[in-house]
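Q: Below: one structure in structure tokens.
The values are calculated or read from the model by the stated rules, or taken from the named source; none is laboratory data. Being a predicted model, the structure only gives us computed values, none of them experimental. Ideal geometry is used to build each Cβ from the backbone, glycine not excepted, and the neighbour counts take in all protein chains shown. Just so you know, the surface numbers come from the protein's heavy atoms only, side chains and all, with ligands and any DNA or RNA stripped out. Shrake-Rupley method; radii C 1.70, N 1.55, O 1.52, S 1.80 Å.
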Amino acid sequence: MMKPYIVGNWKMNLDAAEGAELTGKLLHASIDYDSVDVGVAPAFPVLYPVKQTIASSKGRLTVAAQNVSAEEKGAFTGESSISMLKSVGVTTVIIGHSERRQIFGETDEIINKKVRLTLSHGLNVILCVGETLFEREADAHFETVTAQVAKGLKDVPVDKIEQVTVAYEPVWAIGTGVNASPADAQAMHAKIREMLKSLYGPVMANKLRIIYGGSVKPDNAKGLMNQPDINGALVGGASLKAEDFLGIINSSK
């Protein structure tokens with residue numbers, strides 16, 4: 001069994017005090033870290049306070065950033081570089097989230113540049129992929145998602161690929177209260193693993209975690225994570241309350 005990976009994406013929610021309070025509740029909860037990996041992804045200004053909160057936790061919780069600049073440094077007002085993220089203890093970066101693609105216009109090429117830059121600095125990547133409702137209804141969802149995987153991982157060498165987790169998040173299920181059925185989610189995860197096998201071979205592809213995101217809640221998490229190719233969850237709104245997030249974590253067992 002692959003160790004599940006549960007990550008809370010706080011998006012633009014929770015200030016420094018609120019983030020530290022939630023993190024403290026997670027640290028004091030009963031979580032079997034031998035059987036599940038858990039991470040939180042605060043907004044940029046909250047990364048350092050959260051990292052300070054978990055400093056004595058011996059790595060039980062990891063801290064992810066929600067984005068990173070595609071450039072190392074320079075005149076890019078409002079951006080945060082990979083070296084800045086490393087300096088505050090970030091170990092993982094979420095790249096290519098649908099909100100970055102849809103709202104901020106990030107292309108597959110920009111996403112790929114961010115992926116390669118992050119990996120070159122030794123950090124881990126959560127590469128997000130997913131189709132719109134239009135693409136699913138047009139029966140183009142498999143083609144869309146596998147293309148995003150291939151383009152996002154372009155020129156990523158085999159010796160770096162184990163630093164990557166792929167997160168499948170159907171755009172139509174993010175923040176809508178609607179999630180893919182376990183069978184539909186499994187079908188896409190299996191298709192993504194097929195693509196990874198074609199890129200990196202079956203042995204390596206079977207080591208990589210593919211996690212699901214899109215209105216994951218305590219009452220639907222277990223059904224999703226019981227599927228053979230679903231190795232965890234990228235959780236949005238339900239990660240903002242300790243009780244809900246812990247319910248999802250415990251569902252991964």
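Q: Can you find, within the range 32-54, the residue that is modelled with the lowest pLDDT among those that are farther than 20 Å from residue 209 by Cβ, out of contact with any Pro (no Cβ under 9 Å at 6 or more places or on another chain) and assigned to a loop (DSSP other than H, G, I, E, B)?
A: Applying the filter and picking the extreme gives 54.
Q: Continuing with this model, one more query. Can you tell me how many residues in the range 149-184 are open to solvent by less than 10 Å² (accessible area, probe 1.4 Å), aliphatic (A, V, I, L, M) and within 21 Å of residue 4 (Cβ to Cβ)?
A: Here the count works out to 7.
Q: Are there any pairs with C-beta distances below 9 angstrom linking a residue in the range 57-75 that is under 17 Å from residue 37 (Cβ atoms) to a residue that is open to solvent by 10 Å² or more (accessible area, probe 1.4 Å) and of a type in the set (D, E, K, R), with the two at least 6 apart or on different chains, and if so which?
A: What qualifies is 62/37; 63/51.
Q: Could you please find all residues in the range 87-101 being part of a helix (DSSP H, G or I) and surrounded by fewer than 16 Cβ atoms within 10 Å (Cβ to Cβ)?
A: The first filter runs over the range 87-101 and keeps only residues part of a helix (DSSP H, G or I), leaving 87, 98-101.
The one that is part of a helix (DSSP H, G or I) and surrounded by fewer than 16 Cβ atoms within 10 Å (Cβ to Cβ): 87.
Q: Is there any pair with a first residue in the range 31-50 that is within 20 Å of residue 249 (Cβ to Cβ) and free of Cβ contacts under 8 Å to residues at least 60 places away in the same chain and a second that is charged (D, E, K, R) and open to solvent by 10 Å² or more (accessible area, probe 1.4 Å) whose Cβ atoms are under 6 Å apart and which are 6 or more apart or on different chains, and what are they?
A: Short answer, once both residue conditions are applied: 33/60.
Q: What number of residues in the range 185-226 are buried (at least 19 other Cβ atoms within 10 Å of the Cβ) and in a loop (DSSP other than H, G, I, E, B)?
A: The total comes to 5.
Q: Looking at 16, 29 in this structure, which one is surrounded by fewer than 21 Cβ atoms within 10 Å (Cβ to Cβ), over 20 Å from the mean Cα position of the chain (by Cα), under 27 Å from residue 174 (Cβ atoms) and at pLDDT below 95?
A: Numbers: 16 fails: at pLDDT below 95.
Exactly one residue qualifies, and that residue is 29.
Q: If residue 131 satisfies all but one of (1) in contact with a helix residue (DSSP H, G or I) (Cβ under 6 Å, 6 or more places away or on another chain); (2) touching a residue at least 40 places away in the same chain (Cβ under 8 Å); (3) in a helix (DSSP H, G or I), what's the number of the condition it fails?
A: (3)
Q: Sticking with this structure for a sec: Out of the range 75-86, which residues are of a type outside the set (Ser, Thr, Tyr) and either open to solvent by less than 80 Å² (accessible area, probe 1.4 Å) or assigned to a loop (DSSP other than H, G, I, E, B) (or both)? Show your work before the answer.
A: Step one: of the range 75-86, the residues of a type outside the set (Ser, Thr, Tyr) are 75-76, 78-79, 82, 84-86.
If the condition is that a residue be of a type outside the set (Ser, Thr, Tyr) and either open to solvent by less than 80 Å² (accessible area, probe 1.4 Å) or assigned to a loop (DSSP other than H, G, I, E, B) (or both), then 75, 76, 78, 79, 82, 85 are the ones that fit.
Q: While we're on this one: Considering each residue of the range 55-74, count those that are modelled with pLDDT of 95 or more and open to solvent by 10 Å² or more (accessible area, probe 1.4 Å), and give that number. Working first, answer last.
A: We begin by selecting, within the range 55-74, every residue modelled with pLDDT of 95 or more; these are 63-74.
Imposing the further condition that a residue be open to solvent by 10 Å² or more (accessible area, probe 1.4 Å) reduces the set to 66-67, 70-74.
Going through the range 55-74 one residue at a time, the tally reaches 7.
Q: In the range 102-111, which residues are open to solvent by 10 Å² or more (accessible area, probe 1.4 Å) and either without any contact (Cβ under 8 Å) to a residue 60 or more places away in the chain or not in a helix (DSSP H, G or I) (or both)? Explain how you work it out, then say what you get.
A: Of the range 102-111, the ones open to solvent by 10 Å² or more (accessible area, probe 1.4 Å) are 102-110.
Those that are open to solvent by 10 Å² or more (accessible area, probe 1.4 Å) and either without any contact (Cβ under 8 Å) to a residue 60 or more places away in the chain or not in a helix (DSSP H, G or I) (or both): 103, 104, 105, 106, 107, 108, 109, 110.
Q: Still on this model: If you take the residues of the range 173-184 that are aliphatic (A, V, I, L, M) and assigned to a helix (DSSP H, G or I), which of them is modelled with the highest pLDDT?
A: Residues of the range 173-184 that are aliphatic (A, V, I, L, M), as a first pass: 173-174, 178, 180, 183.
From what's left, assigned to a helix (DSSP H, G or I): 173, 183.
Working: 173: 81, 183: 95.
If we take residues in the range 173-184 being aliphatic (A, V, I, L, M) and assigned to a helix (DSSP H, G or I), then 183 is modelled with the highest pLDDT.
Q: Follow-up question, since we're still on this one. Would you say residue 86 is more than 14 Å from residue 114 (Cα to Cα) and without any contact (Cβ under 8 Å) to a residue 24 or more places away in the chain?
A: Against the criterion (more than 14 Å from residue 114 (Cα to Cα) and without any contact (Cβ under 8 Å) to a residue 24 or more places away in the chain), residue 86 does not qualify.
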